[in-house]
Amino acid sequence: MSQLRIFSYLPNPRIWKATIAARLSGVEIEIRGASPKELQSWLWDFDAHPLSQGDQAASQEVRGQTGFKGTLHKTRAFIEAHPFGTVPAAFSPDGAVGIFESNSIMRAVARLGEKNFPLYGRNPYEASRVDSFLDASLVFARDTQIYLLALIGGTVSPEIHARARDAFAVYAAGINQALSPHREFIVGDNITLADICFVAELSLFSNEKTRYREVEAKGFAPILHAGVEGEFPLAFAHLAKLRKHPAFAPDVDPYLTKIETPKHGNGDRPVTR
């Protein structure tokens, strides 16, 4: 039996926070899900699966919110376990406890496997420093999520672009500083949740590269422009190193390779928590 079950649209870089942590710490997790469009025909539940006629009668129809359009079908138990109704959504093995928001799901994996790998640092001070970086990532994620969804919807405004640009600059500069002058990891002397979260969030934001035409059509400069790696060399070198790490590579490397491939088609991935 898995120690944690996760339901989400797939692929979703924010799920990697849990999968990478699980590989490092030896925690067994189970992931259920499908493409964003398919999830409109799924039952959102601990036992998530494609809808049957009986499921439709037993579930509640809920208007999709951030990243989803149309009607979603959620059980009362799902809504009680996940009051904000977002994905990714995780459950304890018996389905009794719901865990929501990708950083919290990642923390759950780290706590389950803390005896195997110190993903939360080696003492309370390092753990609190890790939390500081996770909190900083939320600001970055909020503004860039709005930006990516606006790119998909064709509704990018100067204000949305500016907030995402500034959020990225602040976050990337902080990571760059944390790694200077020659630190191997963001916190301490090994991989922590701070490194995992950084890789997942920056990979998700890399979807801007698939929307350059939309950015330029609105008269904006791409945030991830050709010279951005030179502005934050340590942060991007850290991403380049970790994407090849055995715990990261199965998720991260193919995803970024696809984004970086010339003539990559525009995606249609909702951006949720």
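The values are calculated or read from the model by the stated rules, or taken from the named source; none is laboratory data. This one's a predicted model, so the numbers in the text were calculated from it and none came from an experiment. Ideal geometry is used to build each Cβ from the backbone, glycine not excepted, and the neighbour counts take in all protein chains shown. Accessible surface areas use protein heavy atoms only, side chains included; no ligands, DNA or RNA. Shrake-Rupley method; radii C 1.70, N 1.55, O 1.52, S 1.80 Å.
Results for (1) in contact with a His (Cβ under 9 Å, 6 or more places away or on another chain); (2) surrounded by fewer than 15 Cβ atoms within 10 Å (Cβ to Cβ); (3) assigned to a helix (DSSP H, G or I); (4) not β-branched (Val, Ile, Thr), shown as yes or no for each residue.
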position	(1), (2), (3), (4)
VAL187	no, no, no, no
ASP195	yes, no, yes, yes
GLU208	no, no, yes, yes
ALA237	no, yes, yes, yes
ALA240	no, yes, yes, yes
LYS244	no, yes, no, yes
Of all residues in the stretch 213-235 being of a type in the set (Val, Ile, Thr) and part of a helix (DSSP H, G or I), the one that is farthest from ALA172 (Cα to Cα): VAL215
Subset of the stretch 25-66 that is of a type in the set (A, V, I, L, M, F, W, C), open to solvent by less than 30 Å² (accessible area, probe 1.4 Å) and not in a strand (DSSP E or B) - its residue that is modelled with the highest pLDDT: VAL27
Total residues in the stretch 131-159, condition open to solvent by less than 40 Å² (accessible area, probe 1.4 Å), in a helix (DSSP H, G or I) and either in contact with a Leu (Cβ under 9 Å, 6 or more places away or on another chain) or not hydroxyl-bearing (Ser, Thr, Tyr) (or both): 10
Residue that is modelled with the lowest pLDDT [pool: residues in the stretch 1-24 that are assigned to a strand (DSSP E or B), in contact with a helix residue (DSSP H, G or I) (Cβ under 7 Å, 6 or more places away or on another chain) and closer than 25 Å to LEU256 by Cα]: TYR9
Residue in the stretch 219-233 that is in contact (Cβ under 8 Å) with a residue 12 or more places away in the chain, over 18 Å from the mean Cα position of the chain (by Cα) and open to solvent by 60 Å² or more (accessible area, probe 1.4 Å) present: yes
